[in-house]
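**Student:** Mind having a look at this structure? Questions to follow.
A short reminder: the numbers here are calculations on the coordinates, not readings from a lab. Just so it is clear, the model here is predicted, and its values are computed rather than measured. Glycine gets a Cβ as well: all are built from the backbone with ideal geometry, and neighbour counts include every protein chain shown.
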Amino acid sequence: MKQKNQMVEDPLALYGVPGQISDSEVLAFLRTKDVNWKYINTIKTLTDYNDDVISGWLNISVRTFRSYRQPENKFKENTKEHVLLLLSLIRHGIHVLGSAKDLFQWLNTVNFYFDGKSPNGYLNTVSGIRFVDDRLTAMEYGDNV
């Protein structure tokens, strides 16, 4: 299982996605890379979430989401940022929790720190992603929830 998780993480390393959310790294990445469908596809591969869930996180319709598969359809800047932050969160979560499976179990589990909701429900805003990432950092440094 460990080897599979290491292979699953390879697409993130390949694309150079930051392992933690840092404004300077995110801005530099967005200036130098074209965030496109391959990044969305990485999210889909790592999470097994469907188009409805991911389009909800990105605050776009499923139809618009699916249109991004076409190379001529470019992402809006805020969508690019949101996709990059989600990938950074995923990469950080795999690092902290050990596997994509454990991360997504945690993301879908009701949690005290999220007002009795699952962290997954916070991924539709940049602030929410940062909040979830902050919880992962707390766990990384010894907070066990």
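**Student:** Excluding the sites themselves, what is the longest stretch of the chain that contains no trypsin sites (Lys or Arg not before Pro) in a DSSP loop with at most 12 other C-beta atoms within 10 Å?
**Tutor:** Numbers: sites that count: Arg69, Lys76.
Excluding the exposed sites themselves, the longest stretch runs over 77-145.
**Student:** Take every Cα-Cα pair in the chain and report what % of them are more than 24 Å apart.
**Tutor:** 27 percent
**Student:** So, one more: Please identify, among Leu27, Leu87, Leu123, the residue showing maximal mean-square fluctuation in a Gaussian network model of the chain using a 10 angstrom Cα cutoff.
**Tutor:** Leu27
**Student:** In percent, how large is the relative contact order of the range 2-140, given Cα pairs closer than 8 Å and 6 or more residues apart?
**Tutor:** Working: 130 pairs, mean separation 38.1, N = 139.
The normalised contact order for the range 2-140 reaches 27 percent.
**Student:** Between Asn111 and residues 5 or more places away or on another chain, which pairs have amide H atoms under 5 Å apart, with H built 1.01 Å from N, and which residues are they?
**Tutor:** Result for Asn111 returns Gly116, Lys117, Ser118.
**Student:** While we're here: Treating only the Cβ atoms of Lys and Arg (+1) and Asp and Glu (-1) as charged, compute the dipole magnitude of the chain about its Cα centre; round to the nearest 20 debye.
**Tutor:** It comes to approximately 460 debye.
**Student:** For the range 37-108, which GluC sites (Glu not before Pro) are in a loop by DSSP, counting at most 12 other Cβ atoms within 10 Å?
**Tutor:** When the GluC sites (Glu not before Pro) of the range 37-108 are filtered for loop state and at most 12 Cβ neighbours within 10 Å, Glu72 remain.
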